[in-house]
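Read the structure below first, then the notes.
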Amino acid sequence: MISVEDARALLFELAHQMPEETVPLVEARNRVLARDVEAQRTQPPFPASAMDGYGVRADEITNGASFRVIGEAAAGSRFSGPVGPGQAVRIFTGAPVPDDVGFVVIQEDVDRVGDTITIIGNTGENSNIRPAGGDFAEGQVFAAPKRLGPADIALLASMNISKVTVTRKPDVALISTGDELVMPGETPGPDQIIASNTFGLKALFDQAGAQARILPIARDNVASLKTALDLARGADLVVTIGGASVGDHDLVAQVATDLGLQRAFYKVAMRPGKPLMAGTIDGAMMMGLPGNPVSAMVCGVLFAVPVIHAMMGLPARSPELRQGELAVDVAANGSREHYMRAVLADDLLTPLNNQDSSLLSVLSQANALLVRPIGDPARPAGHLVDYIPI
């Protein structure tokens, strides 16, 4: 067995970055920017009013001062004439500020009668004017790599960017194995269960930025497994679930080896998830995950998602570790790293009572994986421990 960190390092060595493609900005959410982008304009392109009010010369601001309103400036429609002493322009948020105006008095601080306004409040020192380029300037670089969220999309749009170059989504082929499995919606036999792992993993991988596809269930025979692996051809990452252990019916490694698998490792010193296998086959990366549902999902979080991120061009790194206080005492850990399903609430971590790796109902309740190092001694409530948000 190898350590979790060694396994992840070997996986990163197997992961190849995806090629680039150009997509419309409207389709770029959750994609990873592959090339730097330069702003095509300055924002705002002119000094702009930050408030609804009246624009006047800055040196005339004093309580009780009166001004004659000579025009109006609105967003998209500037006032282009001069603004002389004792004059004001009605101005609205986002409107270009006339050249002679140095201060926008908010409308609540004036009394208007006809075309005359009088300052009646304490205007303060803020001019209420946004400077040209206060957000960004033409030519400013938006750096890659960057996973594009909604705020990034809005920023790029305001930079007048209509298309971006991103890495292609990794194509992930998911293969569940086992005679005992049927697809959701089908009627299972008396000794069968529903194939859940591929559905949970597809959701996890799609969320991570991949394009995951669920292939037909591979039965516990050589011909069926060969057919499933043949259907996976062309994928960037092939993920099998189940059949990677040492039982008489666990044929994945045997069949994959016959088809050219170059195995990088098998078995990791962790729980849940010890029977993890990885390598390359037919030009693709391959991961063999355990069949127990929780084991498969935990391995997905710890290994597959970081690999997908690396394939998309993001930094190759472990899942984010945070620290929290134990809400209860925990017993000493054994010879494998333990990822305990836990609930984080009010900044306190509570491991769930039943850590059986088959219980999806427990995993569904959890929002954290409490990380217990190898040989970690018993810890009292209040002790700071590492956890991974899920």
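Some notes on this structure:
- Scanning region 28-73 for residues that are of a type in the set (Asp, Glu) and either open to solvent by less than 20 Å² (accessible area, probe 1.4 Å) or assigned to a loop (DSSP other than H, G, I, E, B) (or both) turns up ASP36, ASP52.
- When the residues of region 1-27 are filtered to those that are open to solvent by less than 60 Å² (accessible area, probe 1.4 Å), out of contact with any Lys or Arg (no Cβ under 9 Å at 6 or more places or on another chain) and assigned to a loop (DSSP other than H, G, I, E, B), the one that is farthest from SER162 (Cα to Cα) is SER3.
- Of the listed requirements (1) in contact with a Lys or Arg (Cβ under 6 Å, 6 or more places away or on another chain); (2) open to solvent by 30 Å² or more (accessible area, probe 1.4 Å); (3) closer than 24 Å to GLU180 by Cβ, ALA212 misses just one: (2).
- Residue within region 189-209 that is at positive phi and under 24 Å from the mean Cα position of the chain (by Cα) present: yes
- Region 120-149, subset at pLDDT 95 or above and touching a Phe, Trp or Tyr at 6+ places or on another chain (Cβ under 8 Å), residue nearest to GLU27 (Cα to Cα): ALA132
- Single unsatisfied condition, ASP386 versus (1) assigned to a strand (DSSP E or B); (2) of a type outside the set (Val, Ile, Thr); (3) modelled with pLDDT under 95: (3)
- Sole residue being closer than 18 Å to ALA9 by Cβ and touching a Gly at 6+ places or on another chain (Cβ under 8 Å), chosen from MET297, MET286, MET270: MET286
- The set of residues in region 345-360 that are at pLDDT 95 or above and of a type in the set (Gly, Ala, Ser) contains only ALA345.
- Candidate set from region 221-232 (those that are touching a residue at least 24 places away in the same chain (Cβ under 8 Å) and out of contact with any strand residue (DSSP E or B) (no Cβ under 8 Å at 6 or more places or on another chain)); member that is farthest from LEU14 (Cα to Cα): ASN221
- Screening region 239-348 for helices (runs of 4 or more DSSP H) wholly inside it with 2 or more residues that are open to solvent by 40 Å² or more (accessible area, probe 1.4 Å) returns the ranges 252-258.
- Test: residue in region 175-186 that is farther than 23 Å from GLY243 by Cβ, open to solvent by less than 20 Å² (accessible area, probe 1.4 Å) and in contact with a helix residue (DSSP H, G or I) (Cβ under 7 Å, 6 or more places away or on another chain): no
- Options ALA212, ALA256, ALA264; residue that is of a type in the set (Gly, Ala, Ser), within 23 Å of MET311 (Cα to Cα) and over 31 Å from the mean Cα position of the chain (by Cα): ALA256
- Only residues that are free of Cβ contacts under 8 Å to residues at least 12 places away in the same chain and either touching a strand residue (DSSP E or B) at 6+ places or on another chain (Cβ under 6 Å) or under 18 Å from SER196 (Cβ atoms) (or both) were counted in region 352-387, giving 3.
- Of the candidates ALA208, ALA218, the single residue that is under 21 Å from LEU363 (Cβ atoms), in contact with a helix residue (DSSP H, G or I) (Cβ under 6 Å, 6 or more places away or on another chain) and touching a residue at least 12 places away in the same chain (Cβ under 8 Å) is ALA208.
The values are calculated or read from the model by the stated rules, or taken from the named source; none is laboratory data. Predicted, not measured: the structure shown is a model, and the values here were computed from it. Cβ: placed from backbone, ideal geometry, glycine included. Neighbour counts: every protein chain shown. Areas reflect the complete protein model, heavy atoms only, side chains present, ligands, DNA and RNA absent. Shrake-Rupley method; radii C 1.70, N 1.55, O 1.52, S 1.80 Å.
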